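Take a look at the structure below.
The values are calculated or read from the model by the stated rules, or taken from the named source; none is laboratory data. The shown structure was predicted, so the numbers you read here are calculated from the model rather than taken from an experiment. For neighbour counting, all protein chains shown are included, and Cβ atoms are generated from backbone atoms with ideal geometry for every residue, glycine included. The accessibility values were calculated without ligands, DNA or RNA, using every heavy atom of the protein model including side chains. Shrake-Rupley method; radii C 1.70, N 1.55, O 1.52, S 1.80 Å.
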Amino acid sequence: METKKVAIVGYNRIPFARMNTAYTDKGNQDLLLPALNGLIDRYHLKGKLLGEVAGGATIKHISESNLIRETVMNTSLDPATPACDLQQACDTGIEAAVYIGNKIALGQIESGIACGVEAMSNIPFESSPRLRKALLKANKEKSAFGKIKQLLSPKLKDWMPIPYKGQEPKTGLVMGGHTEITAKYYEISREDQDELAFRSHQNMAKAYDEGFFNDMITPVYGLDKDNNLRRDTSLEKLATLKPAFDKQNGTLTAGNSTPFTDGASAVLLASEEWAKANDLPILAYITFSEIAGIEYVENKQNLLLAPVFAAERMLKKAEMNLEDFDYYEIHEAFAAQVLATLKIWENDDLAKKFGLEKTLGKIDRNKLNIKGGSLAVAHPFAATGGRIIGTLAKILNEKGSGKGFISICAARGQGVTMILEK
Ligand SMILES: CC(=O)CC(=O)SCCNC(=O)CCNC(=O)[C@H](O)C(C)(C)COP(=O)(O)OP(=O)(O)OC[C@H]1O[C@@H](n2cnc3c(N)ncnc32)[C@H](O)[C@@H]1OP(=O)(O)O
């Protein structure tokens with residue numbers, strides 16, 4: 001069976017905001033809706049029946065079980081447009097694009113939107129098992145006395161809401177705790193981490209100055225730019241920041257780690273025929289993607305390094321080398337995870353020790369995250385994949401030719417890579 005080419009025809013996002021800043025009282029739907037509406041306006045999709053919209057949020061409230069469909073029904077798309085919720089940590093956005101892209105490739109749909117959102121400021125709290133049990137029992141009690149008796153049964157501490165800690169359930173460590181181990185194991189220096197973070201901010205500031213983001217961000221709730229960008233940062237300032245996860249001997253800081261972030265993004269994908277019929281130019285094509293998992297309970301240093309294997313498999317299928325790309329977009333969850341990934345791809349001994357057949361090659365740092373990466377733009381988990389795909393598609397479209405490589409690491413030891421071609 002012949003597969004169809006998967007075209008990227010549009011992209012939009014809202015400005016990303018550090019948690020508890022611009023979008024404090026906004027939920028997932030409040031953030032996703034303007035990202036979708038901006039896409040719909042820009043690409044004249046009002047009233048259109050799309051094949052499907054897929055996406056998600058890494059963290060949702062109970063009431064948001066059909067978040068994407070609920071949000072789609074509040075847009076001006078034809079309300080018969082179906083939608084699907086996906087969730088896969090920080091690779092949610094890119095996996096949504098793979099899902100929609102595969103349906104287009106198979107001819108099941110002609111068009112679709114891949115989207116992602118994270119409302120970290122509005123994150124749900126959990127209740128203790130004892131409180132939950134008491135509330136459920138109280139609900140079943142017939143008499144007021146019985147209800148009160150149940151409600152008085154939990155201890156005071158059981159009434160305390162349990163906040164999100166972002167820990168890996170299998171290790172009890174947060175992402176930063178794992179990545180601190182990564183930095184030590186792969187000998188990633190503080191200076192190199194700060195240098196990568198500094199460059200991320202510089203690249204993004206330049207991209208803003210050149211107007212790169214002008215036609216891809218919908219201002220909303222009083223914010224018209226990503227608010228994590230620091231034009232006043234410097235290597236000297238970064239060097240003064242205290243370690244965040246290992247206070248004594250750590251090298252990860254607030255400057256070389258992503259902050260918790262609110263934001264949303266959306267990518268419009270289509271077959272070539274649909275794009276032509278709707279008079280929409282093609283920015284780039286998705287030609288390959290790969291997902292990999294990695295063991296990280298014994299080898300805690302490897303939690304965010306699954307893209308190392310995804311890249312190896314993908315390049316083999318694409319019959320390409322790592323050096324063959326014009327641009328690289330590597331998600332900067334932490335500077336240390338990016339640098340460890342690059343080191344394994346480049347270094348003979350490390351590659352072998354890691355289980356690669358051979359080194360994948362060296363990436364020209366001048367081609368890496370040239371419009372800024374997650375350290376500068378910040379990182380609303382499920383929205384990062386869409387941001388990266390949209391950014392790279394626009395870079396390739398402006399160049400008019402070429403190939404781009406994407407790598408996104410994720411919690412639970414997973415990672416996704418993708419190739420875009422103009
Ligand atoms: C989830 C997945 O599937 C995969 C992934 O992507 S993993 C990544 C997931 N993300 C995370 O785990 C988030 C990790 N981040 C954190 O936990 C927190 O942001 C953190 C502990 C690193 C820092 O938290 P914090 O201390 O509250 O940060 P914050 O107050 O903003 O900054 C601390 C200081 O550094 C300064 N700073 C931060 N970045 C700076 C920069 N680039 N330049 C100069 N100064 C900077 C701030 O101005 C602040 O200074 P003051 O104390 O003088 O105000």
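Numerical summary
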| read-out | value |
| --- | --- |
| Of all residues making up segment 6-21, the number that are more than 16 Å from the ligand (Cβ to nearest atom) and aromatic (Phe, Trp, Tyr) | 1 |
| Helices (runs of 4 or more DSSP H) within segment 328-422 that include 2 or more residues aliphatic (A, V, I, L, M) and closer than 24 Å to TYR186 by Cβ | 335-346, 348-354, 374-377 |
| Which numbered condition ALA411 misses (of (1) within 12 Å of the ligand (Cβ to nearest atom); (2) surrounded by 24 or more Cβ atoms within 10 Å (Cβ to Cβ); (3) more than 15 Å from GLU312 (Cβ to Cβ)) | (2) |
| Count of segment 298-327 residues which are in a loop (DSSP other than H, G, I, E, B) and open to solvent by less than 50 Å² (accessible area, probe 1.4 Å) | 7 |
| Selected residue [open to solvent by 10 Å² or more (accessible area, probe 1.4 Å), at pLDDT 95 or above and either polar (S, T, N, Q) or within 16 Å of the ligand (Cβ to nearest atom) (or both)] from THR24, THR81 | THR24 |
| Filter result (assigned to a helix (DSSP H, G or I), within 22 Å of LEU229 (Cα to Cα) and of a type in the set (S, T, N, Q)) within segment 1-59 | none |
| Residue in segment 210-233 that is within 13 Å of the ligand (Cβ to nearest atom), surrounded by fewer than 19 Cβ atoms within 10 Å (Cβ to Cβ) and closer than 23 Å to VAL308 by Cα present | no |
| Tabulated pairs, segment 237-262, first within 8 Å of the ligand (Cβ to nearest atom), second assigned to a loop (DSSP other than H, G, I, E, B) and acidic (Asp, Glu), C-beta under 7 angstrom, 6+ apart or interchain | THR258/GLU332 |
| Residues that are open to solvent by less than 40 Å² (accessible area, probe 1.4 Å), out of contact with any His (no Cβ under 7 Å at 6 or more places or on another chain) and assigned to a strand (DSSP E or B), drawn from segment 237-284 | SER257, ASP262, GLY263, ALA264, SER265, ALA266, VAL267, LEU268, LEU269, ALA270, ALA284 |
